[in-house]
1. Given 237, 278, 325, which one is closer than 28 Å to residue 171 by Cα and surrounded by 14 or more Cβ atoms within 10 Å (Cβ to Cβ)?
2. Tell me yes or no: at least one residue of region 281-292 is buried (at least 20 other Cβ atoms within 10 Å of the Cβ), in contact with a strand residue (DSSP E or B) (Cβ under 6 Å, 6 or more places away or on another chain), at pLDDT 95 or above and part of a helix (DSSP H, G or I).
3. Would you point out the residue of region 63-83, among those that are farther than 17 Å from residue 278 by Cα and exposed (fewer than 15 other Cβ atoms within 10 Å of the Cβ), that is modelled with the lowest pLDDT?
4. Could you please find all residues in region 211-255 being in contact (Cβ under 8 Å) with a residue 40 or more places away in the chain and in a helix (DSSP H, G or I)?
5. Condition (residue is at pLDDT below 95 and crowded, with 24+ Cβ neighbours inside 10 Å) applied to region 190-202: is it met by at least one residue?
6. Looking at this structure, is residue 86 farther than 30 Å from residue 313 by Cβ and modelled with pLDDT of 95 or more?
7. Looking at region 84-93 only, could you name the residues that are surrounded by fewer than 21 Cβ atoms within 10 Å (Cβ to Cβ) and in a helix (DSSP H, G or I)?
8. Looking at (1) assigned to a helix (DSSP H, G or I); (2) within 15 Å of residue 140 (Cα to Cα), find the lone condition where residue 96 falls short.
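The values are calculated or read from the model by the stated rules, or taken from the named source; none is laboratory data. This structure is a prediction, so every number in the text was calculated from the model and none was measured. Glycine gets a Cβ as well: all are built from the backbone with ideal geometry, and neighbour counts include every protein chain shown.
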């Protein structure tokens, strides 16, 4: 190599190192949109788990990705507007919680990938074509909440031997309620229970719904999945306590707030797992090619303090199966 060519090569290499380092430092962070039907407070445990999942995969918030969050505060009618806002914000992927949020995101974009974390059934709710081959721009995780309805009632019946009349709290406007109502008669026959429906469209209707417990001769209550109910979990738990009614819930946040029992998949763990989908999508994977993940384990959480306050003795067989007992 002649001297002139050697000098040019050396200078180019020397200049190249700082330029490459600067390019890495100024690379645009991925923008992850969070579309939640909940309040920021109710959503916090899920996003904490998601952030941990992202850290485990090497993503650093504020450097390699930023989180843009929008909350509907339990008001489903706000979801289309804030979903559209996320798309205008130029997010690279949307993480949506609940079937209503997933549908709102799907309605406003076919371009931005959507990672769902839902307790509903994404096929029945019209979110994806199939679990194995979602198609379109949607993938993620589902807890198949509708499938768990009969299992929750069976747990409630085991906790309360001789149980006959159960009130079921629904939000009539939600797809979760529609799925339950479709299966109610079959579930009632299978478990030999009388299922009485209590309806609440909004937080203001919750006291009236619980006021019907006596009229319906309800011995216990099951709360059907709905974002508004999670947002109003403390109110619901307080109403159940005031009416001295044992209750089983679809999210462990209710038990942390003083509710009696939770049975189902861990949504916190599902949000941690959602980070793996976001990671793959941001690295170029097509949502249509990523199968919807279903939980393989389920949790039973019992609040023994609440049971004692209600004068209940939880059977030892059920206590032995509990993953967590709050005393």
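1. Selected residue: 237, the only one of 237, 278, 325 that is closer than 28 Å to residue 171 by Cα and surrounded by 14 or more Cβ atoms within 10 Å (Cβ to Cβ).
2. Yes, region 281-292 contains a residue that is buried (at least 20 other Cβ atoms within 10 Å of the Cβ), in contact with a strand residue (DSSP E or B) (Cβ under 6 Å, 6 or more places away or on another chain), at pLDDT 95 or above and part of a helix (DSSP H, G or I).
3. So the first thing to find is which residues in region 63-83 are farther than 17 Å from residue 278 by Cα, and the list is 70-83.
Imposing the further condition that a residue be exposed (fewer than 15 other Cβ atoms within 10 Å of the Cβ) reduces the set to 77, 81.
Working: 77: 90, 81: 96.
Once the filter is applied, the top-ranked residue is 77.
4. 227, 228, 229, 230, 231, 233, 236, 241, 252, 253, 255
5. no
6. So residue 86 fits the description; yes.
7. Correct list: 84, 85, 87, 88.
8. Among (1) assigned to a helix (DSSP H, G or I); (2) within 15 Å of residue 140 (Cα to Cα), residue 96 violates only (1).
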